[in-house]
Amino acid sequence: MAAIPSQMLSLGTSASSFQLLNPLLKKKQSLDELKGEKATLIVFMCNHCPFVLHIIDKLVELAEDYKPKGISVIGINSNDIESYPQDSPEKMIEFSKEKKLSFPYLFDETQEVAKAYQAACTPDFFLFDEDLKLVYRGQMDSSRPKNGEEITGEDLIIAFENILAGQPQEEIQIPSIGCGIKWKE
């Protein structure tokens with residue numbers, strides 16, 4: 001499993017709008033309908049990546065904790081399902097149910113959304129403020145599969161709390177690391 005870092009999209013970048021299939025609901029959903037009142041966390045993820053599997057329970061917990069505070073989480077799977085059938089929409093439904101995802105998990109079949117966000121890895125986190133301007137991109141915390149560090153969600157929690165308190169974000173933002181997005185040929 002090759003570890004690929006985030007590209008670190010420029011802070012202040014506007015969120016690219018999208019309308020993607022939510023396999024669980026069997027309908028398309030847009031950024032406009034899913035965005036949070038205070039902030040929106042977009043996470044590029046997939047069903048099989050060990051880095052995603054390592055943090056998914058904490059991500060679900062954070063999504064549940066912060067939804068009532070006006071922060072929404074949106075998961076997006078952009079992997080090529082021809083080469084990686086374990087990331088198909090059908091498998092996304094199974095994954096959503098098995099992991100009890102409390103947030104929408106959308107399928108980016110054309111990979112255009114991942115390209116628009118310069119997503120590089122799974123998981124890749126992008127936190128936008130109420131005006132859909134990028135304020136944080138980077139790791140959830142410093143835990144990785146097999147590094148022995150506790151999964152705390154610390155970096156995301158700090159970013160969430162800064163938004164809720166109207167405070168500036170941390171100057172140093174550490175890239176997320178994960179499996180590379182599986183691009184189509």
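Every number here is computed from the coordinates shown, using simple stated rules; none is lab data. Quick caveat: nothing in here was measured; it's all calculated off a predicted structure. Please note: Cβ atoms are built from the backbone with ideal geometry, for glycine as well, and neighbour counts cover all protein chains shown.
Here are a few things to note about the model shown:
- Working ranking of peptides 129-135, 53-59 by packing, defined as the average number of other Cβ atoms within 10 Å per residue, highest first, is 53-59, 129-135.
- Remark on region 113-153: Rg and Dmax equal 12.6, 37 Å (Cα only).
- Counting neighbouring beta carbons within 10 Å and listing from fewest to most, the residues Phe18, Phe95, Phe44 come out as Phe18, Phe95, Phe44.
- Disulfide-incompatible cysteines by the Cβ rule (no partner under 4.7 Å) in the chain: Cys46, Cys121
- Anisotropy class of region 1-95 from Cα gyration tensor, a/c 1.5 cut: rounded
- Per-residue [θ]222 nm for the chain (sum of -39500 (n - 2.57) over DSSP H runs n ≥ 4, rounded to 500): -7500 deg cm²/dmol
- Taking Ile74, Ile42 and counting other C-beta atoms within 10 Å, the order from fewest to most: Ile74, Ile42
- More than 28 Å apart - percent of Cα-Cα pairs taken over the chain: 14 percent
- Listed residue (Thr110, Ile172, Thr13) projecting farthest to the positive dipole end of the chain, Cβ model: Thr110
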